[in-house]
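**Q** Let me begin by handing over the structure; questions about it come next.
The values are calculated or read from the model by the stated rules, or taken from the named source; none is laboratory data. Source: prediction; values computed, not measured. No Cβ is skipped: glycine too gets one built from the backbone with ideal geometry, and neighbour counts run over all protein chains shown. Remember, those area values only see protein heavy atoms, side chains included, never the ligands or the DNA or RNA. Shrake-Rupley method; radii C 1.70, N 1.55, O 1.52, S 1.80 Å.
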Amino acid sequence: MKYALTIATVSILLFASLGFGQESTEKRVVATVDADGIQRVEITGGSYYFDPNVIVVKVNVPVELKVKKAGGSTPHNIVIKAPEAGKDFSESLSSELKTIQFTPTKIGKYPFECTKKAPFSKSHKDRGMHGVLEVVD
Ligand SMILES: [Cu+2]
């Protein structure tokens, strides 16, 4: 009986910690199209998040993502691999703004992430550095 209780307690603790670890607040931004017909969004990457982490853009309209890193010495990048939908890039983040240009050609949800990982620790993605680019009509 005592054994069963211990198992139950451990399971609950494990479940709670997993739930907590995966908790990430959604920061959603809908890109506005500028007068020159380009939709621009600024994204900051830090330890361990992207802000915003849900980016909504229109299909077949050029996009400029302005990416930069929040302070700190931990290296970060932003990677999205969806060449079939017009998006395929890997850019390291620095304190200076970098511009990533592409034109999304297919409606859908495309995950982006930081692919960095320190030895013997979880990947930045697993620590919360990921997001979704939503391409809408
Ligand atoms: Cu990172």
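**Q** Could you tell me whether region 40-57 includes any residue that is hydrophobic (A, V, I, L, M, F, W, C) and surrounded by fewer than 17 Cβ atoms within 10 Å (Cβ to Cβ)?
**A** Step one: list which residues in region 40-57 are hydrophobic (A, V, I, L, M, F, W, C), which gives 41, 43, 50, 54-57.
Those left that are additionally surrounded by fewer than 17 Cβ atoms within 10 Å (Cβ to Cβ): 54.
Within region 40-57, one or more residues are hydrophobic (A, V, I, L, M, F, W, C) and surrounded by fewer than 17 Cβ atoms within 10 Å (Cβ to Cβ).
**Q** Filter region 68-91 down to the residues that are more than 13 Å from the ligand (Cβ to nearest atom) and open to solvent by less than 50 Å² (accessible area, probe 1.4 Å) and list them by number.
**A** Correct list: ILE80, ALA82, ALA85, GLY86, LYS87, PHE89.
**Q** Restricting to region 113-137, give me the number of residues that are farther than 15 Å from GLY46 by Cβ and part of a strand (DSSP E or B).
**A** 7
**Q** Quick one: what pairs do we get from region 104-120, first residue within 12 Å of VAL59 (Cβ to Cβ) and at pLDDT 95 or above, second among the β-branched types (Val, Ile, Thr) and within 16 Å of the ligand (Cβ to nearest atom), C-beta under 9 Å, 6+ apart or different chains?
**A** TYR110/ILE80
**Q** Out of everything in region 101-119 that is within 16 Å of the ligand (Cβ to nearest atom) and of a type in the set (A, V, I, L, M, F, W, C), what residue ends up being surrounded by the fewest Cβ atoms within 10 Å (Cβ to Cβ)?
**A** Selected residue: ALA118.
**Q** State all residues of region 28-39 that are at pLDDT 95 or above, exposed (fewer than 14 other Cβ atoms within 10 Å of the Cβ) and either among the hydroxyl-bearing types (Ser, Thr, Tyr) or part of a loop (DSSP other than H, G, I, E, B) (or both); if no residue qualifies, say none.
**A** Passing the criteria: ASP34, ALA35, ASP36, GLY37.
**Q** Would you please list the contacts, defined by Cβ atoms under 7 Å and residues six or more apart or on different chains, that run from a residue in region 25-43 that is over 14 Å from GLU134 (Cα atoms) to a residue that is among the polar types (S, T, N, Q)?
**A** Hits for this filter: VAL33/GLN39.
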